Each structure stands twice: as C-alpha cells, then as structure tokens.
C-alpha cells in the first residue's frame, strides 16, 4: 500500500520529533503492537516490566522507567481495542536537565499495518519500523522502445529514475546503394531482432528480481513496441508483469514522461496520478477560470478564512509549522488538504507559484 503525501508528511514529522530526544540511560520505552494483537496482553506485559524495573540500581533511571511505563499503561487503557493497523507507542522522560521530570507519551496508528511485536527500553526511541513505512517500496518498471533506441527506468513513488539507455546502429528503412532490397530488408530485420534481444536481456537484469515491482509499462512510437513485446525474447516472468503498452510521440526521457501521463488508468490508485490530477486541475482552472482558484500565502489564507476553499494544496517544501497552521484553519471549514510533493512536474509548478494554492468553492469576485 502506497502512502499518501499527507500520511507521509505526518509520519515523517513524528519520526523527526521522536528522533530529536535521547536519554542518558536506557529509559525510553518503545512498544509496537501488531495489527490484530490483543491490547490487554500488551498492558499486562508492561505491568510486569514495571515490576522488573524495580531492580534497576540507579534510583533516577529506575523512577524514569517506571514512570514511562505507567504513563504508557494509562494511555493504552484509553483505547477500546487495537486499531486496525496496530499501534506504535513511545514514552519517556524528555527533560533536558538531569533530575527534572517531563514524562510524555506518544502513540500513532500507522498508515500501514504493523507486523512486528516489540517492547524495547533504550537510550533512544526505536523508529526503524516507522522509517521503513515512510520509504516507498512499490515500484513500476518503465520501458520506452523503438527500432533503434530503448530507455529503461523505474517509477518509485512519484519519481522517474532512469536506469539504462541503449542504442543500436540499425539502418533506416530505405536501402543504401549496392544492396538488393531483399538482402537489405533481411539484414535490417536481423539487426532489429538483435536490438530487441539486447533490450529484453536488460529488462531481465533490471526487473526480474526487483523488490516491490508491481508492473511494467511499455511505450514507444509506431508498431515497434508491440513487435518487441511479441518478439519472444522477454522472459516469461518479466513479460507477465507488463500491465500497459502505450503509443508515444517521444522516446528517451521525454518518452518516459509521456508514458507516465498515458498510464493514468493503470496508476489510478497510486498517489502519483492522484497528485498530478488535482494539481493539473488547479493549473487548468488558473488558465481557464482564474476566479475559481487562488495561490500564494496571503490570498489563499484570506480565501480559506472566508470558507471559500474546497481543496487546499500545500507544497511539501513549505515550513512544517506553516503547513500545520494552514491545516488547522482548513479543518475549521471542512476543507480538503493535500500535501503535494516536488517529485512531479506539477508539484514543482506549485512550488514555483508560491507553494500554496487552492481550488475554490465559489468565486471571490
């Protein structure tokens, strides 16, 4: 399951905050509760750990651990049961001055199910499981091919990452002087076939064992892309991953962008297409019905406080505090908030017009 940019932002924010704290001794408590696990058993375990903590020699460390466990137990008792995706809970004394007490507790239902059960008492909160969720693992393969060139890339999250480009010196469709038409056509056919075999081998190298590969998109000008797919050179395990074959006007990196645009249906459930669609709508309205959008901090905040904003677009490049302020205001008016990455062309455009934009419910003029 791919995280939305909103989920990713808030998870990264929590990880950043928790990562900023450290204890002098092993007294920060981290607990991960797997999806479907009985929360009462976790509470029982923590109560047992309190008993064990009474054996800690250092009075200050002992008190900090017992207090952290108590705060966590009381917090968990507020839940009626384990949330759908499980739970991550953190507790500890974060006071910067020795001898002071500022015991706090944090909990989050992660956006994807927790698979690991963990209890850990350490100098730092254990955050690798949450960091792992932030990192996008789902990828799509991309291949743009014609009779001479091929570019292979992956789509990871919202970013196209070119991997390999290959070029073959295949003669054009019209014969040079001195060759019979039949011989020329045959030589060209052999050269194209060798080109397809080379590209298929590269696909196998790049995609056969690629973790998280959800599908492969193929594109190119003319019929060549179909000839390539049907050439028999693509290994069966790679070929069954092909989810789309699209006709393109371009090759190389422009072709990759065009291939992504033309695979909207196949990628409809992925964050990249949802993001491109809503930001694309914003810029389309800006060009055709400018009274239905606003952008920039001052103008957008004014529209937001009037209750006129239907969808608020916030660039991830904004200051975190600024994002939070806008989110709080938007919540008061039931305004949809979308945090937009700068990993797409549309996201970069939003950043360049002031990092903040809005699609309005009604014109302000």
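The values are calculated or read from the model by the stated rules, or taken from the named source; none is laboratory data. On a predicted model such as this, the values are computed, not experimentally measured, just so you know. When we count neighbours, we look across all protein chains shown, and the Cβ atoms used for this are built from the backbone with ideal geometry, even at glycine.
Residues in the range 296-309 that are closer than 21 Å to residue 341 by Cβ and surrounded by fewer than 19 Cβ atoms within 10 Å (Cβ to Cβ): how many?
Residues flagged as closer than 21 Å to residue 341 by Cβ and surrounded by fewer than 19 Cβ atoms within 10 Å (Cβ to Cβ) within the range 296-309 amount to 2.
Listed here are the residues, each with its yes/no results for (1) surrounded by 14 or more Cβ atoms within 10 Å (Cβ to Cβ); (2) under 13 Å from residue 293 (Cα atoms).
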{"site": "319", "(1), (2)": "no, no"}
{"site": "332", "(1), (2)": "no, no"}
{"site": "339", "(1), (2)": "yes, no"}
{"site": "343", "(1), (2)": "yes, no"}
{"site": "346", "(1), (2)": "yes, no"}
{"site": "360", "(1), (2)": "yes, yes"}
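For residues that are farther than 23 Å from residue 61 by Cα and in contact (Cβ under 8 Å) with a residue 24 or more places away in the chain, tally how many sit in the range 89-137.
Filtering the range 89-137 down to residues farther than 23 Å from residue 61 by Cα leaves 108-117, 128-137.
This time we only want the ones that are in contact (Cβ under 8 Å) with a residue 24 or more places away in the chain, so: 108-117, 129-131, 133-134, 136-137.
Matching residues across the range 89-137 total 17.
Please find, within the range 285-313, the residue that is nearest to the chain's Cα centre (by Cα) out of those that are in a strand (DSSP E or B) and under 11 Å from residue 329 (Cβ atoms). Let's see the steps before the verdict.
Of the range 285-313, the ones in a strand (DSSP E or B) are 293-295, 309-313.
Now restrict to residues that are under 11 Å from residue 329 (Cβ atoms): 309, 312.
Details: 309: 26, 312: 20 Å.
Once the filter is applied, the top-ranked residue is 312.
I'd like the full set of residues that are surrounded by fewer than 16 Cβ atoms within 10 Å (Cβ to Cβ) and in contact with a strand residue (DSSP E or B) (Cβ under 8 Å, 6 or more places away or on another chain), limited to the range 185-204.
198
Given the criteria more than 18 Å from residue 110 (Cβ to Cβ), at pLDDT below 95 and surrounded by fewer than 13 Cβ atoms within 10 Å (Cβ to Cβ), does residue 54 qualify?
yes
Counting only residues that are free of Cβ contacts under 8 Å to residues at least 24 places away in the same chain and not in a loop (DSSP other than H, G, I, E, B), how many does the range 206-242 have?
Qualifying residue count, the range 206-242: 4.
Among (1) in a helix (DSSP H, G or I); (2) more than 18 Å from residue 163 (Cβ to Cβ); (3) in contact (Cβ under 8 Å) with a residue 40 or more places away in the chain, there is one condition residue 266 misses while meeting the rest; what is its number?
For residue 266, the exception is condition (1).
For the range 46-53, does any single residue satisfy the condition of being under 36 Å from the mean Cα position of the chain (by Cα) and either assigned by TED's automatic domain parsing to the domain that holds residue 108 or touching a residue at least 12 places away in the same chain (Cβ under 8 Å) (or both)?
yes
Could you identify the single residue in 13, 41 that is touching a helix residue (DSSP H, G or I) at 6+ places or on another chain (Cβ under 8 Å), surrounded by fewer than 15 Cβ atoms within 10 Å (Cβ to Cβ), outside the structural domain of residue 337 (by TED's automatic domain parsing) and part of a helix (DSSP H, G or I)? Walk me through it before giving the result.
Values: 41 fails: touching a helix residue (DSSP H, G or I) at 6+ places or on another chain (Cβ under 8 Å).
None of the others qualify; the one that does is 13.
Determine which member of the set 357, 271 is at pLDDT below 95 and in contact with a helix residue (DSSP H, G or I) (Cβ under 9 Å, 6 or more places away or on another chain).
Result: 271 is the single residue among 357, 271 that is at pLDDT below 95 and in contact with a helix residue (DSSP H, G or I) (Cβ under 9 Å, 6 or more places away or on another chain).
Considering 23, 68, 88, which residue is buried (at least 17 other Cβ atoms within 10 Å of the Cβ), under 30 Å from residue 213 (Cβ atoms) and touching a strand residue (DSSP E or B) at 6+ places or on another chain (Cβ under 7 Å)? Give the derivation first.
Details: 23 fails: under 30 Å from residue 213 (Cβ atoms); 68 fails: under 30 Å from residue 213 (Cβ atoms).
That would be 88, the only listed residue that is buried (at least 17 other Cβ atoms within 10 Å of the Cβ), under 30 Å from residue 213 (Cβ atoms) and touching a strand residue (DSSP E or B) at 6+ places or on another chain (Cβ under 7 Å).
How many residues does the range 269-284 hold that are within 11 Å of residue 358 (Cβ to Cβ) and outside any helix (DSSP H, G or I)?
0
Mind checking which residues of the range 208-224 are surrounded by fewer than 22 Cβ atoms within 10 Å (Cβ to Cβ) and within 29 Å of the chain's Cα centre (by Cα)?
Listed by number, the residues that qualify are 208, 209, 210, 211, 212, 213, 214, 215.
Give me a count of the residues in the range 330-364 that are free of Cβ contacts under 8 Å to residues at least 24 places away in the same chain and assigned to a loop (DSSP other than H, G, I, E, B).
Matching residues across the range 330-364 total 1.
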